[in-house]
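As structure tokens, the structure follows; a few thoughts come after it.
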Amino acid sequence: MPNSGTPGDTPTILTKWTWMDAVTLSLLTCLFGLLFPNLVNLQQQIFGRRVHRRVRWLASIVDPDLSVTIRELDGPAHMKRSSDAYEDVKAYLGARCSRKARHLLGEAARNAADKLELSMRNGEEVADEIKGGTATVWWSLHFIPRSTERDEEGYQYTLHYQECHRDDVLCKYLPDVRRKGRHILDTDRQRKIMTNISGWGPSDGWSRMLFKHPKTFETLAMDPSTKQEIIDDLKMFQKGRKYYAKLGKPWKRGYLLYGPPGTGKSTMVAAMANLLKYDVYDIELTSVKSNTELRKLLIGIKNKSITVIEDIDCSLDLTGARKDGDDNDDDDGTIAPEAAARVAQDQDKVTSSRSQVTLSGLLNFIDGLWSACGEERIIVFTTNHIDKLDPALIRRGRMDMHIEMSYCCFEAFKFLAKLYLNKDSHRLFGAVEKLLREVEMTPADVAENLTLRSDDDDAESCLQRLVGELKKRRTTGGKANRATIRSNNAARAVPAGATEDGRRRSPRIRARTPIAPY
Ligand SMILES: Nc1ncnc2c1ncn2[C@@H]1O[C@H](COP(=O)(O)OP(=O)(O)OP(=O)(O)O)[C@@H](O)[C@H]1O
């Protein structure tokens with residue numbers, strides 16, 4: 001209430017005002033606002049900011065807790081992918097805090113079959129220490145259900161801390177959590193294999209399982225020098241961060257594994273994953289409905305991973321030319337004339353097939369702009385028919401290394417004999433060597449013959465079985481086999497180092513990009 005100013009009262013501005021003064025001031029303010037609207041806005045903003053600051057100050061006294069939330073899926077709507085930060089925090093908390101939580105979640109063992117991997121359960125809270133144990137922060141895990149159509153449901157970790165520890169938490173503690181979590185994931189974790197099966201899995205399109213393939217390069221039968229070359233190449237790739245950055249190239253490498261069925265192409269992928277400790281993304285291309293869906297899958301692929309497309313020649317009708325108007329790729333690969341003649345026919349086929357993924361879409365997937373959004377990624381194609389593939393698909397820069405997985409050579413046999421029978425030599429080795437020069441047999445078949453099948457089996461009986469099988473093939477299928485191989489190879493140049501009849505006994509590497517001197 002305005003006061004007319006009783007003598008003796010504490011004088012204030014208001015006490016000296018009259019109603020008339022107030023009305024006059026209001027009118028003047030309105031007039032000022034009409035004449036200078038921007039100045040009034042500015043005045044209101046400054047006033048608003050001051051109020052906001054006071055409210056924050058009050059809030060920090062009433063509730064000094066701050067929080068950071070890390071969601072399981074991040075990225076824009078329709079492009080959600082599982083978050084690296086979430087995985088790091090999960091690994092960190094799993095190792096550090098889980099024993100402090102009251103209610104734990106047990107998952108399949110990490111390294112040992114009889115152990116459980118423990119982590120926080122939904123709704124659980126655990127404490128962690130910062131500043132050398134002088135302060136405490138709290139982590140909680142919650143499941144957030146979908147609230148709108150565009151939203152994704154998923155888990156989220158929330159870190160609660162006091163305002164006075166803000167700098168320590170944000171600048172030291174959180175980066176440390178991520179670093180430690182990543183280290184645990186890199187060294188200690190069980191790797192995963194992901195596959196895309198329509199309608200399954202979370203929104204990023206990948207269904208996940210633990211990857212437990214036992215195959216390593218130590219148990220892969222190959223020509224030893226070829227094997228070493230591949231191992232060296234992979235290891236060089238793995239430590240090539242600076243090298244790729246220096247070249248201005250995305251940190252990725254493509255391997256094409258080709259050869260007859262049973263020669264170890266899938267097995268090689270498992271050995272690669274185990275050597276590098278990478279996750280495996282196995283793409284079933286026929287389940288991918290469109291190029292857009294393929295891109296969405298690509299965005300969901302994590303770093304330090306091997307992406308495999310098996311039997312690429314069978315996956316889609318990609319063996320012909322790219323569709324007209326589909327070719328926005330600047331590669332120098334040429335298209336066979338007969339393939340060009342099939343363009344119209346292929347176009348119809350591609351359109352009518354379930355999957356609308358085009359060759360161009362696949363090429364962009366491998367090395368388009370989006371493919372560079374990650375790093376330390378390997379892509380592997382396997383095929384039984386390299387000659388059916390469009391050259392653009394396997395050209396330099398896409399498939400950097402071509403590795404032929406071929407029939408069992410004597411070196412590979414000796415490796416398998418040592419592995420399966422623990423024999424470095426045997427009287428039947430000579431016979432096997434001679435027969436392997438005449439008959440095609442895959443390492444898978446050789447390994448099967450060397451496998452002990454009963455308690456009575458021993459090295460002698462296994463080798464006899466192998467010699468018998470080789471002899472049988474020589475008289476029945478052996479020659480037919482060779483003829484087929486020759487006709488399949490007819491379109492290709494005879495590889496360097498091939499035997500007289502054009503066959504090659506050991507895996508062959510054609511490194512399209514020289515192995516880099518990092
Ligand atoms: N070089 C090898 N060393 C050891 N084992 C091998 C080798 N090649 C094949 N095998 C064994 O043979 C089986 C089949 O191998 P794999 O599936 O890798 O062949 P593939 O070439 O991928 O066949 P496909 O082309 O039919 O997919 C596996 O159980 C594997 O252990």
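The values are calculated or read from the model by the stated rules, or taken from the named source; none is laboratory data. Owing to the predicted nature of the structure, the values given are computational and were not obtained by experimental measurement. Quick note on the areas: whole protein, heavy atoms, side chains included, nothing else; ligands and nucleic acids left out. Shrake-Rupley method; radii C 1.70, N 1.55, O 1.52, S 1.80 Å.
How many Å³ per residue does the convex hull of the Cα positions in the range 410-476 occupy?
77 Å³
Kirkwood-based Rg over Rh for the range 377-452 (C-alpha set), two decimals?
1.12
Can you give me the Kirkwood hydrodynamic radius for the range 238-302, using every pair of distinct Cα atoms, in Å to one decimal?
On the way: mean 1/r = 0.0690 Å⁻¹.
Over the range 238-302, the inverse of the mean reciprocal pair distance is 14.5 Å.
Quote the accessible area belonging to Cys373 in square angstrom, nearest 10, computed with a 1.4 Å probe and with ligands, DNA and RNA left uncounted.
Ignoring ligands and nucleic acids, Cys373 comes out at about 70 Å².
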